[in-house]
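Scroll down for the structure; my scribbles are underneath it.
The values are calculated or read from the model by the stated rules, or taken from the named source; none is laboratory data. In this text the structure is predicted, and so the values were computed from the model without any measurement. Because the Cβ atoms are built from the backbone with ideal geometry, glycine has one as well, and the counts that use them run over all protein chains shown. Protein only, heavy atoms only, side chains kept; ligands, DNA and RNA dropped before computing areas. Shrake-Rupley method; radii C 1.70, N 1.55, O 1.52, S 1.80 Å.
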Amino acid sequence: MKVLVIGGAGYIGSHVAKAFLKAGHKVTVFDNLSSGLLMNIFDGEDFIPGDIRHPDDLDRAFSRGFDACVHLAAFKAVGESMVQPEKYSVNNISGTLNILNAMCAHNCRYIVFSSSAATFGSPQYLPIDEKHPLNPESYYGFTKLEIERFLAWYDKIKDIRFAALRYFNAAGYDPEGEIIGLERNPQNLLPITMEVAKGWRKELQIFGQDYDTRDGTCIRDYVHVSDLAEAHVNSLSYIDRENKSLVVNLGSEVGISVTEMTEAARRVTGKEIPARYVGRRAGDASALYATSALAKELIGWAPRYSDVDTLISSTWKVYQKYDKNPYA
């Protein structure tokens, strides 16, 4: 198929684009490079600079004729979304509607959407499955849920088939070492830990040590980005083959605690990684992790690289390539 990967120069998007290339698809990347990097675009991929907030950009892109698109261009910072909801409304909601309308105008029938487990809110039970109540507690999570609802309507009215993939924390790097672009302004635990290991940050702050978990620190669901990429490819195959849409969770099913991640990082990197316990952050749940049983049943997906050592070692190999922080 001809696949347009929107946000394909970013951290997750570049891994997704590579997976589609390896599966034999013709890949074009559409990206405004606000967080994506030209160095993340592979030989064999076409590149279209553009922004989902600009309908004319999307019209020019989709006029090339695509069978499917992948949408990875949403803003994703939970805290920022609670301060600047208008930014998230324009990009995430209006931008997605621009994508869907361009798909309709140019007869693109399939979309794989990078949704989020933030659609669930605080867990009522663990692991979270697809039947869990949907009650987002951030404006970011709200935008993701609204996008899923728009997708369902376009499915009914315009026969656009979609896959919505809900996951928590993408982590790790391409095991083959071909993707080496570092994220700008990382917000997640593992890249921050790597920056401490490199000496780019003084210490790692661990928020809370008195949670009701196995070691007192928060437990989160980390899935290797290459595993997530494979799920995007499998999902497109499913909606094409079955001619019906799909909503699934992508989870590790067990989770990793902050302390476990930190101790493993010290072991894998051989670095001291200074860490300091500080107070809890408002709104942090004790544990968040999802089951991927339905994804295994429907699209034959199971994580292969999401063990803690692979998550850390594949990331550390990339950070070792840099003498200094490229964004400092």
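Some notes on this structure:
- Net charge over other residues, Cβ less than 13 angstrom from the Cβ of G255 (K, R count +1; D, E count -1): -3
- Trypsin sites (Lys or Arg not before Pro) restricted to DSSP loop in region 1-94 with at most 15 other C-beta within 10 Å: R53, R64
- Net lengthening on full extension, S237/Q124 (0.36 nm per residue, minus Cα-Cα): 37.5 nm
- Counting charges near E242 (Lys, Arg +1; Asp, Glu -1) among other residues having Cβ under 15 Å from its Cβ returns a value of 0.
- Between the alpha-carbon centres of region 20-37 and region 71-108 there is a gap of 18 Å.
- Residues whose amide H falls under 5 Å from that of I160, counting only those 5 or more places apart or on a different chain, are D155, with hydrogens built in the peptide plane.
- In loop segments of region 291-328 as defined by DSSP, the trypsin sites (Lys or Arg not before Pro) with at most 16 further C-beta atoms inside 10 Å of their C-beta are R304, K321, K324.
- Gain upon complete extension [A285, K317; 0.36 nm per residue less C-alpha separation]: 8.4 nm
- Considering only alpha-carbon pairs that sit under 8 angstrom and 6 or more positions apart, the relative contact order computed for the chain is 18 percent.
- Value of [θ]222 nm, deg cm²/dmol, for the chain, DSSP H segments ≥ 4, -39500 (n - 2.57) each, nearest 500: -11000 deg cm²/dmol
- Where labels lie 7 Å past Cα in the beta-carbon direction, separation of A328 and N101 in nm: 4.5 nm
- Relative contact order %, region 117-244, counting alpha carbon pairs below 8 Å whose residues are six or more apart: 23 percent
- In sequence order, calculated HN-Hα J values of region 223-230 (Karplus, 6.51, -1.76, 1.60; Hz; x Gly/Pro): 10, 4, 4, 6, 5, 4, 4, 4
- Accessible area (Å², 1.4 Å probe, nearest 10) - W153: 150 Å²
- Choice from Y222, Y167, Y88 showing the highest fluctuation, given a GNM over the chain with Cα pairs closer than 10 Å: Y88
- Rounded percent of accessible protein surface that carbon and sulfur make up, region 1-110, 1.4 Å probe: 53 percent
- For region 41-46, putting each phi into the Karplus relation 6.51 cos²θ - 1.76 cosθ + 1.60 with θ = phi - 60° gives couplings of 8, 8, 4, x, 9, 7 Hz, in residue order, rounded to whole numbers and with x for Gly and Pro.
- Summed side-chain charge close to G10 - residues other than G10 whose Cβ falls under 14 Å, Lys, Arg +1, Asp, Glu -1: -2
- 27 Å Cα-Cα threshold exceeded, pairs from K202/K321; K26/K321; K18/K296; K2/K321; K144/K321; K18/K76: K26/K321; K2/K321; K144/K321
- At R0 = 35 Å, FRET efficiency that the Cβ-Cβ distance of F207 and K26 yields, to 0.05: 0.20
- Against the chain, whose longest principal axis is taken from its Cα atoms, helix 258-269 shows a tilt of about 80°.
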